[in-house]
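The values are calculated or read from the model by the stated rules, or taken from the named source; none is laboratory data. What you see is a predicted model, and the numbers here were worked out from it, not measured in a lab. With ideal geometry, Cβ positions are generated from the backbone for all residues, glycine too; neighbour counts draw on all protein chains shown.
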Amino acid sequence: MRDPPVTTTETVHSLDAGSTHRYELDQLDALESESIHIFREVTAELERPVLLFSGGKDSVVMLHLASKAFFPGKVPFPVLHVDTGHNFPEVLDFRDRTVERLGLKLIVAKVQDYIDDGRLFERADGTRNPLQTQPLLDAITAGRFDAVYGGGRRDEEKARAKERIVSLRDEFGQWDPRNQRPELWDLYNARHRPGEHVRVFPLSNWTELEIWRYIAREQIELPSLYYAHHRKVFLRDGMWLADGPVSRPREGEEVVDKLVRYRTVGDMSCTGAVESDATDVERVITEVAATTLTERGATRADDRLSEAAMEDRKKEGYF
């Protein structure tokens, strides 16, 4: 069932019949229109954009919107993935197939390369998500990218909730929450000095439920792990973590076979699954509509390092 009309309404008077026709956008149409507008405006204003694409659901929806924004042409910028080396194989396979299908240039910055040459070191907890910042900033510098599209949404986490759609990063790639620009009347200020760049979030105003409803409406393909499947997992800190070469149970943690799915996708060592029997998109929508926790709050161990874990990482240059 479609949403009730929002305020995005245009009234047209017919000259010959004198009748009035109303064209109304429902909530998904309005969000889609806003995202496409952001892509077109920022891409027209800046010289070297790049889109962060991991193969996760938000980046898949974002790439779908970018394809719509520039149809019938190709997406006019490359995609960038910061590979931790601990990614789910299903997601990497989906990433590569999608890039090939759309004829895009894929740039991969690998955390493993930084560990191998000593620029970064493994963390004691084994997770590599916090190690993505330096490879990301180096890739932005090497590509001379002045706009970086990301799939962050305001409903995910409190630090993301207070960030603008077009967010300035200084010459060190850092974010200052106190130095944000107003965005009145959908006007986005992407101007910056040499060495700086902007992060752009076309999905800022979307919710997880709206993402899934859009996936259903547009029939967007996703990696299979977003739907219920059997997987060997173990319980740690209230989350079901996948048993694998980069995520091993500790003493007293039992490996069991569970029917699970993933609400968000990150480093295997810090991304938890949820018990679910939602094997298709309609069942996922029903499940998401009833949940009271965001996907990051429920399934991401790296966001539990401290109350300000996400904001601290964003200040350093994280997504």
Kindly indicate which of 63, 120, 104 is surrounded by 15 or more Cβ atoms within 10 Å (Cβ to Cβ) and outside any loop (DSSP other than H, G, I, E, B).
-> 63
Unmet criterion (only one of (1) crowded, with 19+ Cβ neighbours inside 10 Å; (2) at pLDDT below 90) for residue 250 = (1)
Inspect the stretch 251-262 for any residue being in contact with a strand residue (DSSP E or B) (Cβ under 8 Å, 6 or more places away or on another chain), touching a residue at least 12 places away in the same chain (Cβ under 8 Å) and under 23 Å from residue 35 (Cα atoms) and give the result as yes or no.
-> no
When you scan the stretch 123-144, how many residues do you find that are in a helix (DSSP H, G or I), β-branched (Val, Ile, Thr) and under 27 Å from residue 223 (Cα atoms)?
-> 2
Restricting the stretch 145-201 to residues that are in a helix (DSSP H, G or I) and in contact (Cβ under 8 Å) with a residue 24 or more places away in the chain, the one farthest from the chain's Cα centre (by Cα) turns out to be 186
What are the residue pairs meeting all of these: first residue in the stretch 209-227, first residue in contact (Cβ under 8 Å) with a residue 60 or more places away in the chain, second residue aromatic (Phe, Trp, Tyr), Cβ atoms under 7 Å, and 6 or more apart or on different chains?
-> 223/94; 225/88; 225/262; 226/262
Kindly indicate whether residue 231 is closer than 20 Å to residue 54 by Cβ, surrounded by 17 or more Cβ atoms within 10 Å (Cβ to Cβ), within 22 Å of the chain's Cα centre (by Cα) and not assigned by TED's automatic domain parsing to the domain that holds residue 126.
-> no
Any chance residue 274 is in a helix (DSSP H, G or I) and at pLDDT 90 or above = no
Take residue 210 and decide whether it is surrounded by 16 or more Cβ atoms within 10 Å (Cβ to Cβ), farther than 29 Å from residue 137 by Cα and of a type outside the set (Phe, Trp, Tyr).
-> yes
Look at the stretch 158-182 and say how many of its residues are in contact with a helix residue (DSSP H, G or I) (Cβ under 6 Å, 6 or more places away or on another chain) and crowded, with 20+ Cβ neighbours inside 10 Å.
-> 3
Taking residue 71 and the conditions (1) assigned to a loop (DSSP other than H, G, I, E, B); (2) within 18 Å of residue 199 (Cα to Cα); (3) modelled with pLDDT of 95 or more, which numbered condition does it fall short on, given that it satisfies the others?
-> (2)
